[in-house]
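K.L.:
The structure's right below; bear with me while I get my questions together.
The values are calculated or read from the model by the stated rules, or taken from the named source; none is laboratory data. Keep in mind that what you see is a predicted model, and the values were worked out from it rather than measured. All Cβ positions, even for glycine, are placed from backbone atoms using ideal geometry, and neighbour counts span all protein chains on display. Heads up: the accessible areas ignore ligands, DNA and RNA and are worked out on the full protein's heavy atoms, side chains in. Shrake-Rupley method; radii C 1.70, N 1.55, O 1.52, S 1.80 Å.
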Amino acid sequence: MNPLTANSKEFEQHFSGTLSDYVTAIAWSPNNTTLAATSAAGEVALWLDGDLAILQAGNGESLNCLAFSPDGQFLAVGGQDGRVKIWRQSELIATLENAPAWVDKLAWSHTSNLLAFSLGRYVQVWDADLGETVVTLNFHNSSVLSIDWRSDGQYLAVSGYHGVKVWNSQNWDEEPYFLEMPTVSVAMAWSPDGKFLASGNMDRSVTVLEWDNPDPWVMRGFPGKIRHLAWSEATTQEGAPILASSSVEGIVAWEKLEDEALGWEATVLTNHVDVIQAIAFAPNSFILASAASDGWLCLWNQAKQVSQVLTGASAGFSCLAWHPQGKLLAAGGENGELFVWSKVTLSQGFGRS
């Protein structure tokens, strides 16, 4: 089976390089065009202006997650060895020792230099400005499977067995809000406007909570557990963002309807033939990117139809990330490939087939 082909060339390859193993995570700096990447071999690499520099050589222990602080000053990396390492402008400034717990989830607050990361059933919050741990939160029900801060930095959501707990960062001692479910919350994400909290679940359902409304919507009928969620920054005529969810090789885009009783309308997106590894909306748009083990990175126009398919990962793609300005798109491969594509400008596009 062949992927659908593009009618127009929206993005063209700008850079390709290789790490020594599976690319586990990538992230763009919010204030320049620096791309960070980690690998299953333990490498940390930085790409800037076409040059790929190794910040940390591989040590055989997988790194699982990385993120830049909101001002781009700090880069945090966590992994199999239980350490969280913090760099500032390529200088290692802190190593948080947490062995034997693996660190496979971390997230910076959107409004401050507070870093939350998973430690088994716990989440620790570390203040980069003070260089100290602020609080240790007990999820209690299971290992932590997802962490996400609301855009205003006030709430930290943590998911796992039996649902999602939401802590108030203004008062960590306050009992967390509990979005309880009879299943496991595998993937979880706040909408960029902070109005909605979505959970993708082990029982093949998606739960969407409108904050301050105690009755969540529950959508069912997926072929497998929900592995990934993505919200658009752009909003529809109803004033709500689009939610994309992926399960096995399929994607469903959810658009909120005017009638509250009807909830959300589903559009099924089919093109991939293997497991989808990452989905993300381009900033301030309804262009959805999906990367899968089939070796295709699909761009979906208006989160409805494929407009371009990018390839190059010989054993399939493992992750993707949009630059904050939307003009660059990066992806990692299962064989260590690292790609950056750039948006084709109108002047470049004339005369192209």
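K.L.:
Going residue by residue through the range 273-285, is there one that turns out to be part of a strand (DSSP E or B) and more than 17 Å from the chain's Cα centre (by Cα)?
P.N.:
No, the range 273-285 has no match at all.
K.L.:
Can you list the strands (runs of 3 or more DSSP E) found entirely within the range 104-159 that contain at least 1 residues being out of contact with any strand residue (DSSP E or B) (no Cβ under 8 Å at 6 or more places or on another chain) and among the hydroxyl-bearing types (S, T, Y)?
P.N.:
Correct list: empty, since no element meets the threshold.
K.L.:
Next up: With the requirement that a residue be in a loop (DSSP other than H, G, I, E, B) and more than 26 Å from T111 (Cα to Cα), what does the range 53-81 give you?
P.N.:
Listed by number, the residues that qualify are A57, G58, N59, G60, E61, S62, Q80, D81.
K.L.:
Run S169 past the list (1) crowded, with 17+ Cβ neighbours inside 10 Å; (2) at pLDDT 95 or above; (3) within 21 Å of the chain's Cα centre (by Cα) and report the number of the one that doesn't hold.
P.N.:
Every listed condition holds for S169 apart from (3).
K.L.:
May I pose another question? With farther than 23 Å from Q154 by Cβ, at pLDDT 95 or above and of a type outside the set (D, E, K, R) as the only criterion, which of S199, S232, S205 stands out? Walk me through how you get there before you give the answer.
P.N.:
Working: S199 fails: farther than 23 Å from Q154 by Cβ; S232 fails: farther than 23 Å from Q154 by Cβ.
So the residue among S199, S232, S205 that is farther than 23 Å from Q154 by Cβ, at pLDDT 95 or above and of a type outside the set (D, E, K, R) is S205.
K.L.:
Name, by its number, the condition in (1) open to solvent by 70 Å² or more (accessible area, probe 1.4 Å); (2) at pLDDT 95 or above; (3) within 22 Å of the chain's Cα centre (by Cα) that does not hold for F74.
P.N.:
Going through (1) open to solvent by 70 Å² or more (accessible area, probe 1.4 Å); (2) at pLDDT 95 or above; (3) within 22 Å of the chain's Cα centre (by Cα) one by one, F74 breaks only (1).
K.L.:
Does the range 298-315 contain any residue that is closer than 21 Å to Y22 by Cα, touching a residue at least 12 places away in the same chain (Cβ under 8 Å) and under 15 Å from the mean Cα position of the chain (by Cα)?
P.N.:
No - not one qualifying residue is present in the range 298-315.
K.L.:
Kindly establish whether G336 is at pLDDT 95 or above, open to solvent by less than 10 Å² (accessible area, probe 1.4 Å) and more than 29 Å from V268 (Cβ to Cβ). Give the steps one after another, and end with the answer.
P.N.:
Working: at pLDDT 95 or above: yes; open to solvent by less than 10 Å² (accessible area, probe 1.4 Å): yes; more than 29 Å from V268 (Cβ to Cβ): yes.
Against the criterion (at pLDDT 95 or above, open to solvent by less than 10 Å² (accessible area, probe 1.4 Å) and more than 29 Å from V268 (Cβ to Cβ)), G336 qualifies.
K.L.:
For the range 121-137, state whether one or more residues are under 19 Å from the mean Cα position of the chain (by Cα), at negative phi and of a type in the set (S, T, N, Q).
P.N.:
No, every residue in the range 121-137 fails to be under 19 Å from the mean Cα position of the chain (by Cα), at negative phi and of a type in the set (S, T, N, Q).
K.L.:
What are the pairs with Cβ atoms under 6 angstrom where one residue, in the range 224-243, is closer than 14 Å to S290 by Cα and of a type in the set (G, A, S) and the other, located anywhere, is at pLDDT 95 or above and assigned to a strand (DSSP E or B)? Sequence gap at least six, or different chains.
P.N.:
As it stands, the answer is A230/A244; A230/I279; A230/A280; A230/F281; S232/P241; S232/I242; S232/F281, since those pairs meet every condition given.
K.L.:
Let me ask another. Mind listing whichever residues of the range 7-64 are open to solvent by 50 Å² or more (accessible area, probe 1.4 Å), polar (S, T, N, Q) and at pLDDT below 95?
P.N.:
Answer for the range 7-64, where residues must be open to solvent by 50 Å² or more (accessible area, probe 1.4 Å), polar (S, T, N, Q) and at pLDDT below 95: N7, S8, N31, N32, N59.
K.L.:
Modelled with pLDDT under 95, of a type outside the set (A, V, I, L, M) and either farther than 18 Å from L229 by Cβ or surrounded by fewer than 18 Cβ atoms within 10 Å (Cβ to Cβ) (or both): does that describe S142? Step through it out loud before you land on a result.
P.N.:
Values: modelled with pLDDT under 95: yes; of a type outside the set (A, V, I, L, M): yes; either farther than 18 Å from L229 by Cβ or surrounded by fewer than 18 Cβ atoms within 10 Å (Cβ to Cβ) (or both): yes.
For S142, the condition - modelled with pLDDT under 95, of a type outside the set (A, V, I, L, M) and either farther than 18 Å from L229 by Cβ or surrounded by fewer than 18 Cβ atoms within 10 Å (Cβ to Cβ) (or both) - is met.
K.L.:
Condition check: under 16 Å from T24 (Cα atoms), open to solvent by less than 30 Å² (accessible area, probe 1.4 Å) and out of contact with any Gly (no Cβ under 6 Å at 6 or more places or on another chain). Does A303 satisfy that?
P.N.:
no
K.L.:
Can I ask one more? Among the numbered criteria (1) open to solvent by less than 60 Å² (accessible area, probe 1.4 Å); (2) farther than 26 Å from V23 by Cβ, which one does G120 miss?
P.N.:
Of everything listed in (1) open to solvent by less than 60 Å² (accessible area, probe 1.4 Å); (2) farther than 26 Å from V23 by Cβ, G120 misses just condition (2).
K.L.:
Can you spot a residue in the range 185-199 that is over 23 Å from W300 (Cα atoms), among the hydrophobic types (A, V, I, L, M, F, W, C), open to solvent by 10 Å² or more (accessible area, probe 1.4 Å) and touching a Lys or Arg at 6+ places or on another chain (Cβ under 8 Å)?
P.N.:
yes
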